[in-house]
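Q: Quick one: this structure, given as structure tokens, is what I'll be asking you about.
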Amino acid sequence: MTGIPAIQQRRRRSPAAHGLSQNAPLLLGVGLLVLMVAIYLGLYGNQIGRLPGNFELTSTADNALPLVFAALGQSLVILTGGIDLSVGGVMDLTNSVSALEMHGSTGHMLLWAVIIVLIGAGAGLFNGLLIAFGRLQPILVTLGSLAIFQGLALKVLPQPGGQVASGVTSTLANPREPTAFVVIAVGLLLWWLLRRSSLGIGIYAIGNDRQAARANGVPVTRVVLATYTISGAFVGFAGLLLAAQTTGGDPTAGDVFTLISIAAAVIGGVSLTGGRGSAAGAVVGAFVLTVLVNVLFFGHVDPLEEPLYEGLFLVVAAALTALAGLLLRRRLR
Amino acid sequence: MSADVGKVADGRGVAVLWDRFKPDRRKALYGFIAAALIFVIGDQVEPGFASGSGVKTVLVVASFVALVAAGQTFVILIGGIDLSVPWVLNGAAVLLAVTAAGSNSRAAWAIPLTLAMGLVIGLVNGLGVAFLAVPAVIMTLGMNGVMQGLTLGFTGGFTCGSCSSAAPGVVHTAVFGSVLGIPAVLIILFGVAVVVTLVLSYTTFGRQVYGIGNNERASYLSGVNVKMVTVLLYGLSGLLAATAGILLMGYGGKATLGMGDPYLFESIAAAVIGGVYILGGRGHYLGSLAGAIILTAIISLALAKNMPDYGRSIVYGAVILVILLIYGRAERET
């Protein structure tokens, strides 16, 4: 019993200090982004002889788009203290469906865009139902459903192919117009609305302390179901964005997003233990990883060795975040 | 140590130990029953599936999963996870191919070198998790990228001449050789299973592993060197992944790129459907072993029935979920 008063004592600190220590991981993510952009600008300016213009800016945003939305979906789940390994499978599926249906009349495409987002939401709901009513760990449910969604994607589109109408690409990921920024802004706006709803409060409450949330009247089951459904919708849309960006479909192209969406969320300061982090963080993390690819390209790194530098960066970034958080908390204590 | 012995000698201590292990062993037993059922059902669907040679084939293929799952079980027991398995395994196979170049005499030092590489990578994972406080998911994911980059860069995308050299004879024998009709690789797996079981169940180190998995802080306060145990467990996981890489290279005849990819999710799935609790502290390696056999038997059966890729993937996922729903459920919350 002696430990409990000590813990309470430690938590008592000024609101400003509290806010700083709470947001330290996000600030670090922003710092990493600034650093990455600075290195990118240096390399680009040095080799091309001018600074990147609007075209480079919008193409970077286009490249980041699918990961931004995958990370937004992933971060929602991580905030509840879960993790979603099926992100890649859901993106495989919606990417494949997009490649088959995103052409023809505008009405047809709009209808299918809605259906694609609903497919994502349905996949999320499937995960949520198993987690909430099956009382299974999220990592296990999504490990199993990953294989199911991957299988469905292969059924829909056995090999890479299909065609996405150029109108889709120019609406969502046009390198000549800042459309990607509009799409990202809409995603952030949706998230911001969610954060301020009672559902958003429930998500953070569950992530921080499930039992306490339940005791305080948070409808845990309903919040979990809603979180996975909304997260699935974001991820489903990410699959559509991937198809728009690559102008085609590939039933395995989404696979890599499972792990990099987690990496993006963590780099952006979303805590894997739940309850801490924000959509802004997920977006920042997605951009850090995207700019890193540009940096490696202009750094003339052998494409085969890219995973090496990405892996090192991930470990160093996570270690810095962990250390800085630790030091800050100690100083503010 | 003497206190432990005293506790065990006293009848109550034995009962306590037995009670503690019972659920884990029970789940392992369910796992083996499920595996046997799959063979029985499989034999109806595909005659000859449960014949001597049929079972032997499945067990040999399952042994690679089971080896990787042994390492995965170690780290899952302390609430960790090892995502670096695919490219540690792949890197080990490539390193052996290049250094041994198909020769037995070179294999005498190439195999220990490869095993050491796996151990070192695992230890680095452990150091990152224990001392830098990097989340295990991120640390091992990053290390997977590092190993992938090193392997691809080193082999120039597998364009180097020695990359595709055949497995040294001794490695081939370690997989295909047989003693009294039992494939050598199964004997190796049996040895690993015995050692892992003994270590986890009957040594202080094993007790510490379960202790950390159940309550890291309490273990630390009661004098367990949490950091050292963590580092060692990740080291063992790397070592076992490298072992699987060497044997898998012997099985396939040579190293290939991407050969480790299926082993990430399969090793985790084998452990959890064998009753290893994903948040740590509960589970038994025998369960993971059963899990590896279940998964491999299902995949083999689907392959034997010429089930298309998509169907195999869906069945695989569905089986994992059904098994988990049967006995992987958490207590009901009040």
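Q: Are there any helices (runs of 4 or more DSSP H) wholly within the range A:96-175 with 3 or more residues that are within 20 Å of the chain's Cα centre (by Cα) and within 14 Å of another protein chain (Cβ to nearest Cβ), and if so which? Lay out the reasoning, then the answer.
A: Numbers: elements: A:106-134, A:138-156, A:166-172.
In the range A:96-175, the matching helices (runs of 4 or more DSSP H) lie at A:106-134, A:138-156.
Q: Shifting gears a bit: How many of the residues in the range B:226-254 are in a loop (DSSP other than H, G, I, E, B) and exposed (fewer than 14 other Cβ atoms within 10 Å of the Cβ)? Steps first, answer last, please.
A: Step one: of the range B:226-254, the residues in a loop (DSSP other than H, G, I, E, B) are B:253-254.
Okay, now just the ones that are also exposed (fewer than 14 other Cβ atoms within 10 Å of the Cβ), so B:253.
Of the residues in that region, 1 qualify.
Q: Turning to a different aspect of this structure: Say we look at the range A:213-268 and pick out the residues that are within 14 Å of chain B (Cβ to nearest Cβ) and of a type in the set (Ser, Thr, Tyr); which of these is most open to solvent (accessible area, probe 1.4 Å)?
A: Among residues in the range A:213-268 that are within 14 Å of chain B (Cβ to nearest Cβ) and of a type in the set (Ser, Thr, Tyr), the one most open to solvent (accessible area, probe 1.4 Å) is A:252.
Q: Let me ask something else about it. Would you confirm whether or not the range B:151-158 contains a residue that is more than 8 Å from every other protein chain (Cβ to nearest Cβ), open to solvent by 20 Å² or more (accessible area, probe 1.4 Å) and in a loop (DSSP other than H, G, I, E, B)? Even if it seems obvious, please write down each step before you answer.
A: Residues of the range B:151-158 more than 8 Å from every other protein chain (Cβ to nearest Cβ): B:151, B:154-155, B:158.
Add one more test, that the residue is open to solvent by 20 Å² or more (accessible area, probe 1.4 Å), and what stays is B:154, B:158.
Checking which are in a loop (DSSP other than H, G, I, E, B) leaves us with B:158.
Yes, because at least one residue in the range B:151-158 is more than 8 Å from every other protein chain (Cβ to nearest Cβ), open to solvent by 20 Å² or more (accessible area, probe 1.4 Å) and in a loop (DSSP other than H, G, I, E, B).
Q: Being open to solvent by less than 50 Å² (accessible area, probe 1.4 Å), modelled with pLDDT under 85 and facing chain B (nearest Cβ under 7 Å) is the filter here; which residues of the range A:295-313 pass it?
A: Narrowing the range A:295-313 to residues open to solvent by less than 50 Å² (accessible area, probe 1.4 Å): A:295-296, A:298-299, A:301, A:306-308, A:311, A:313.
Next, from what is left, pick out any that are modelled with pLDDT under 85: A:298-299, A:301, A:306-307.
Residues satisfying the conditions are A:306, A:307.
Q: Could you figure out which of (1) free of Cβ contacts under 8 Å to residues at least 12 places away in the same chain; (2) surrounded by 24 or more Cβ atoms within 10 Å (Cβ to Cβ) isn't true of residue B:50?
A: Answer for residue B:50: the failing condition is (2).
Q: Still on this structure, please answer the following. Is it the case that some residue within the range B:75-94 is over 21 Å from the mean Cα position of the chain (by Cα) and in contact (Cβ under 8 Å) with a residue 40 or more places away in the chain?
A: Keep residues of the range B:75-94 that are over 21 Å from the mean Cα position of the chain (by Cα), which gives none.
For the range B:75-94, residues over 21 Å from the mean Cα position of the chain (by Cα) and in contact (Cβ under 8 Å) with a residue 40 or more places away in the chain: absent.
Q: State all residues of the range B:123-150 that are facing another protein chain (nearest Cβ under 7 Å), of a type in the set (Val, Ile, Thr) and either closer than 13 Å to residue A:260 by Cα or part of a helix (DSSP H, G or I) (or both); if no residue qualifies, say none. It would help to see each step written out before you state the result.
A: To start, the set of residues in the range B:123-150 that are facing another protein chain (nearest Cβ under 7 Å) comprises B:128, B:132-135, B:137-139, B:141-146, B:148-150.
With the extra rule that they be of a type in the set (Val, Ile, Thr), the set shrinks to B:134, B:137-138, B:146.
B:137, B:138, B:146 - these are the residues of the range B:123-150 that are facing another protein chain (nearest Cβ under 7 Å), of a type in the set (Val, Ile, Thr) and either closer than 13 Å to residue A:260 by Cα or part of a helix (DSSP H, G or I) (or both).
Q: Considering only the range B:257-266, how many residues are open to solvent by 30 Å² or more (accessible area, probe 1.4 Å) and touching a Phe, Trp or Tyr at 6+ places or on another chain (Cβ under 8 Å)?
A: 1
Q: So is residue B:88 part of a helix (DSSP H, G or I), under 17 Å from residue B:268 (Cβ atoms) and either open to solvent by 20 Å² or more (accessible area, probe 1.4 Å) or charged (D, E, K, R) (or both) or not? Step through it out loud before you land on a result.
A: Details: part of a helix (DSSP H, G or I): yes; under 17 Å from residue B:268 (Cβ atoms): yes; either open to solvent by 20 Å² or more (accessible area, probe 1.4 Å) or charged (D, E, K, R) (or both): no.
For residue B:88, the condition - part of a helix (DSSP H, G or I), under 17 Å from residue B:268 (Cβ atoms) and either open to solvent by 20 Å² or more (accessible area, probe 1.4 Å) or charged (D, E, K, R) (or both) - is not met.
Q: Could you count how many residues in the range B:131-145 are more than 21 Å from the chain's Cα centre (by Cα) and open to solvent by 10 Å² or more (accessible area, probe 1.4 Å)? Give the steps one after another, and end with the answer.
A: First, the residues of the range B:131-145 that are more than 21 Å from the chain's Cα centre (by Cα): B:131-134.
Subset that is open to solvent by 10 Å² or more (accessible area, probe 1.4 Å): B:131-133.
Total meeting the criteria: 3.
The values are calculated or read from the model by the stated rules, or taken from the named source; none is laboratory data. Note that the structure is a prediction, hence the values are computed from the model and not measured. Positions of Cβ are backbone-derived with ideal geometry, glycine not excepted, and every protein chain shown enters the neighbour counts. All accessible areas refer to the heavy atoms of the entire protein, side chains included, with ligands and DNA or RNA removed. Shrake-Rupley method; radii C 1.70, N 1.55, O 1.52, S 1.80 Å.
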